[in-house]
Amino acid sequence: MQVFNTVHSKQRVAVEGAFGILKGRFQRLHYMDVASVQHAVEIVGAACVLHNMAMRCCDTPEELAGTDSGTDVSPTDCCDYGDTSAMASFLRDRLAEAL
């Protein structure tokens, strides 16, 4: 039972840290008021997707700027906004329609 509690506690801290990063990037999550658990799951999932897309485009939140995320991203891996802006606009509009 002690091993379970230790592992569970470490995982809880990791999840709380992830939510802290999301809430830092998307301030609206602090005031999320939803009627169903499923809707909350969808909102948090969308925030995770947007966060991951931003990270791939080298848009690092201030609270992560000095930390090592464990992944190597070189400047050549960053998004080329000129080539992807039309696709990003299309995806953003589709996401907005789905909500």
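The values are calculated or read from the model by the stated rules, or taken from the named source; none is laboratory data. Everything numeric in this text was worked out from a predicted model, so none of it was measured. Neighbour counts are summed over all protein chains in view; Cβ atoms, including those assigned to glycine, are modelled from backbone coordinates with ideal geometry.
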For segment 1-57, the count of residues that are part of a helix (DSSP H, G or I) and either under 28 Å from A88 (Cβ atoms) or among the β-branched types (V, I, T) (or both) equals 39
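To keep it simple, each residue is scored yes or no on (1) modelled with pLDDT under 75; (2) in contact with an Asp or Glu (Cβ under 9 Å, 6 or more places away or on another chain); (3) exposed (fewer than 12 other Cβ atoms within 10 Å of the Cβ); (4) farther than 22 Å from K23 by Cα.
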residue: R56; (1), (2), (3), (4): no, yes, no, no
residue: A65; (1), (2), (3), (4): yes, no, yes, no
residue: S69; (1), (2), (3), (4): yes, no, yes, no
residue: D72; (1), (2), (3), (4): yes, no, yes, yes
residue: G82; (1), (2), (3), (4): yes, no, yes, yes
Which numbered condition A88 fails, given (1) modelled with pLDDT of 85 or more; (2) surrounded by 12 or more Cβ atoms within 10 Å (Cβ to Cβ); (3) small (G, A, S)
(1)
